[in-house]
Amino acid sequence: MQTFKDKQQQIFKWEHLPEKTFTWLDANWPGTWQREIIPMMDERMFSALYCANDGRASKATADMLGILILKELEDLTDEETVRRVMLDVGWQYALDMAPADAYVAERTIQYFRAKMMADAGHAALFEDLTGKIIAVLGTRTGIQRADSSHVLSNMKMLRRLELFVQTIGLFLRQLKAVKPGRYEELPEDIRKRYVEREKGRFGDARGSEARRRVEQCAADAWLLLETFKENKKIRALDGYRILGRLFSEQCEVESGEKITVRDAVSCGSLQSPYDEGAGYSSHKGKGYQAQLVETCDPANGTQIVTLVAVESAAASDADAILPAVQALEERGLKPEEMIADTAYCGGENTVALLDAGVALTGPVAGKKAAHPDPVAAFETTPDLTSVVRCPRGVEPVRVKHTKRGDTVVAVFDKETCRNCDMRGECGAKRHKKNYVLAFTRSRLATAVRREAEKRKRSKRRTPYEPASKRQTANSSARTAWGGFAFAARPPWSSPCS
């Protein structure tokens with residue numbers, strides 16, 4: 001049964017401490033944790049993890065949550081965590097746990113953590129505590145930054161041959177447990193290769209033999225999948241499902257039922273039968289990555305992590321920024337400006353965030369073109385949806401959009417363009433009756449930002465100027481950057497960049 005913590009401070013609980021020790025604890029992080037963090041924890045969020053009317057009284061939920069958070073903050077093992085709870089007076093004071101009650105079993109930590117993770121209660125707790133801490137500190141969330149960090153999975157790094165052997169072995173062991181008769185009906189050589197090995201390991205082979213053994217594994221996997229495809233109970237086994245995924249990602253069935261092993265597979269393919277969510281990144285390796293967003297307003301005394309999202313290492317950073325902003329908006333933490341590195345700052349993301357009312361700041365993504373994109377010289381509206389005038393100040397006859405709305409088409413008078421000294425250089429193409437400039441908003445966003453970066457690099461190479469002149473130059477640049485007539489700074493300029 002769930003037990004709730006008594007959150008009323010009891011000074012007498014600490015009368016055994018020397019006065020100097022008590023004063024230090026109360027003035028530093030243990031005191032802050034006891035007074036501020038414990039009352040913020042809503043233990044009712046975890047009521048579903050407990051039986052409502054049966055079982056022994058559990059350790060207070062707030063105690064378990066605090067223990068797990070402190071464990072991760074100090075990067076401790078479960079065994080080390082138990083010792084800290086028992087012996088560390090700082091932990092005891094922070095958790096408001098009297099020395100006589102300061103004990104938790106390793107099994108209790110593991111059981112509570114597993115239940116909480118399976119229920120996704122950790123995510124709800126993070127969002128709830130983050131919102132309360134931001135409110136207490138008055139943290140400004142208008143400027144935030146995003147980045148990702150590679151997370152190593154606690155799994156063995158398997159070569160392709162080992163991956164096949166482990167996956168087939170997993171299925172066969174599950175089959176033996178639920179359908180021993182069907183298991184015994186399988187060919188003896190298959191059982192001996194993956195389960196009943198007398199000596200050596202089929203997955204341990206010389207490099208010269210590995211390819212041939214992988215092909216043998218692929219044939220064995222196909223045989224097993226085909227043998228049991230009509231048996232609903234066996235198809236429901238996790239091992240059968242994982243084996244099917246491995247085969248579909250790694251192999252092909254050609255005409256005549258010939259099995260071939262693909263030379264290349266997706267980065268999102270199965271990396272271990274025991275950790276299906278892990279992926280592969282060509283420059284980070286196997287595992288996961290955590291998308292992190294934190295506040296970065298210079299006015300904040302303390303910056304707060306506002307969002308954490310764990311995904312496969314194969315996932316692209318470019319696909320993470322818009323969902324992150326949407327998640328923050330749902331929690332009332334939507335930024336006005338998001339700062340990120342190159343991978344996040346493609347033209348599509350710039351436009352998507354611009355439409356959401358968020359400025360995206362960071363180095364331009366994509367390969368640098370040999371020549372500047374001429375579309376950057378046209379003056380457009382701040383939302384990049386319409387052309388105001390061409391580089392020579394001529395207004396278009398009309399502006400229209402494609403059905404999808406992403407492509408802007410500006411039509412200019414043929415006679416005017418025919419006599420222009422920039423004809424053929426500005427990007428406008430001659431049509432039957434007029435000259436037409438067509439571009440996607442994402443292309444325009446990338447072009448303008450690339451030109452802005454070029455101006456910044458050029459300015460850093462100029463000789464020293466007095467502060468007054470630099471300020472004047474900066475002010476003018478903020479209102480006419482990249483040929484745009486902005487009333488304020490453009491959405492991708494940043495006071496932090």
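The values are calculated or read from the model by the stated rules, or taken from the named source; none is laboratory data. If you're wondering where the values come from, they're calculated on a predicted model, not measured in any experiment. Counting neighbours? That spans all protein chains shown, and the Cβs are built from the backbone with ideal geometry, glycine included. Keep in mind that these areas ignore ligands, DNA and RNA; they rest on the heavy atoms of the full protein, side chains included. Shrake-Rupley method; radii C 1.70, N 1.55, O 1.52, S 1.80 Å.
Which residue is farthest from the chain's Cα centre (by Cα), if the candidates are limited to region 436-447 and must be β-branched (Val, Ile, Thr) and in a strand (DSSP E or B)? Taking the candidates together, the pick is Val436. Among the residues making up region 140-158, those that are surrounded by fewer than 21 Cβ atoms within 10 Å (Cβ to Cβ) and not in a loop (DSSP other than H, G, I, E, B) are Asp147, Ser149, His150, Val151. Restricting attention to region 288-299, the residues being touching a Leu at 6+ places or on another chain (Cβ under 8 Å) and open to solvent by less than 20 Å² (accessible area, probe 1.4 Å) number 2. The residues listed here are Thr61, Thr32, Thr81, Thr21; of these, the one that is over 27 Å from Asp128 (Cα atoms), of a type in the set (S, T, N, Q) and either out of contact with any strand residue (DSSP E or B) (no Cβ under 9 Å at 6 or more places or on another chain) or open to solvent by less than 20 Å² (accessible area, probe 1.4 Å) (or both) is Thr21.
Table: residues versus (1) more than 20 Å from Asp297 (Cα to Cα); (2) free of Cβ contacts under 8 Å to residues at least 24 places away in the same chain.
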| position | (1), (2) |
| --- | --- |
| Asp317 | yes, no |
| Glu330 | yes, yes |
| Ala343 | yes, no |
| Val351 | yes, no |
| Leu360 | no, no |
| Ala370 | yes, yes |
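Considering (1) open to solvent by 70 Å² or more (accessible area, probe 1.4 Å); (2) modelled with pLDDT under 95; (3) part of a helix (DSSP H, G or I), the lone condition that Lys229 does not fulfil carries the number (3).
Could you grab me the full set of residues in region 84-107 that are assigned to a helix (DSSP H, G or I), among the aliphatic types (A, V, I, L, M) and either in contact (Cβ under 8 Å) with a residue 24 or more places away in the chain or crowded, with 18+ Cβ neighbours inside 10 Å (or both)? Across region 84-107, the qualifying residues are Val85, Val89, Ala94. Selection over region 436-451 of residues that are out of contact with any strand residue (DSSP E or B) (no Cβ under 7 Å at 6 or more places or on another chain) and either among the charged types (D, E, K, R) or surrounded by fewer than 19 Cβ atoms within 10 Å (Cβ to Cβ) (or both) gives a count of 5.
Are any of the residues in region 247-263 of a type outside the set (A, V, I, L, M, F, W, C), assigned to a loop (DSSP other than H, G, I, E, B) and under 27 Å from the mean Cα position of the chain (by Cα)? For region 247-263, residues of a type outside the set (A, V, I, L, M, F, W, C), assigned to a loop (DSSP other than H, G, I, E, B) and under 27 Å from the mean Cα position of the chain (by Cα): absent.
Only residues that are crowded, with 19+ Cβ neighbours inside 10 Å and not in a loop (DSSP other than H, G, I, E, B) were counted in region 402-435, giving 7. For residues that are surrounded by 15 or more Cβ atoms within 10 Å (Cβ to Cβ) and not in a helix (DSSP H, G or I), scanning just region 369-385, find the one that is nearest to the chain's Cα centre (by Cα). If we take residues in region 369-385 being surrounded by 15 or more Cβ atoms within 10 Å (Cβ to Cβ) and not in a helix (DSSP H, G or I), then Leu384 is nearest to the chain's Cα centre (by Cα). Apart from one condition, Glu43 fits all of (1) among the acidic types (Asp, Glu); (2) out of contact with any Ser or Thr (no Cβ under 6 Å at 6 or more places or on another chain); (3) open to solvent by less than 70 Å² (accessible area, probe 1.4 Å); the exception is (2).
In region 185-205, the condition of being over 23 Å from Asn154 (Cα atoms), at pLDDT below 95, part of a strand (DSSP E or B) and touching a helix residue (DSSP H, G or I) at 6+ places or on another chain (Cβ under 9 Å) is met by no residue.
Yes or no, residue by residue, for (1) among the hydroxyl-bearing types (Ser, Thr, Tyr); (2) in contact (Cβ under 8 Å) with a residue 60 or more places away in the chain; (3) surrounded by 14 or more Cβ atoms within 10 Å (Cβ to Cβ); (4) touching a Leu at 6+ places or on another chain (Cβ under 7 Å):
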site: Leu73; (1), (2), (3), (4): no, no, no, no
site: Thr77; (1), (2), (3), (4): yes, no, no, no
site: Arg113; (1), (2), (3), (4): no, no, yes, yes
site: Arg160; (1), (2), (3), (4): no, yes, yes, no
site: Val165; (1), (2), (3), (4): no, no, yes, no
site: Leu170; (1), (2), (3), (4): no, yes, yes, no
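Beta carbons closer than 7 Å, at least 6 apart along the sequence or on distinct chains, pair a first residue in region 124-139 that is open to solvent by 40 Å² or more (accessible area, probe 1.4 Å) with a second that is among the β-branched types (Val, Ile, Thr) for Phe126/Val308; Ile133/Ile304; Leu137/Thr302.
Taking the criterion of being part of a loop (DSSP other than H, G, I, E, B) and closer than 15 Å to Trp91 by Cα, the residues of region 12-68 that qualify are Leu17, Asn28. Only one of the numbered conditions (1) at pLDDT 90 or above; (2) surrounded by fewer than 22 Cβ atoms within 10 Å (Cβ to Cβ); (3) not small (Gly, Ala, Ser) is not met by Lys284, and that is (1). In region 239-281, the residue that is nearest to Leu152 (Cα to Cα) out of those that are among the hydroxyl-bearing types (Ser, Thr, Tyr), in contact (Cβ under 8 Å) with a residue 60 or more places away in the chain and open to solvent by less than 20 Å² (accessible area, probe 1.4 Å) is Ser281.
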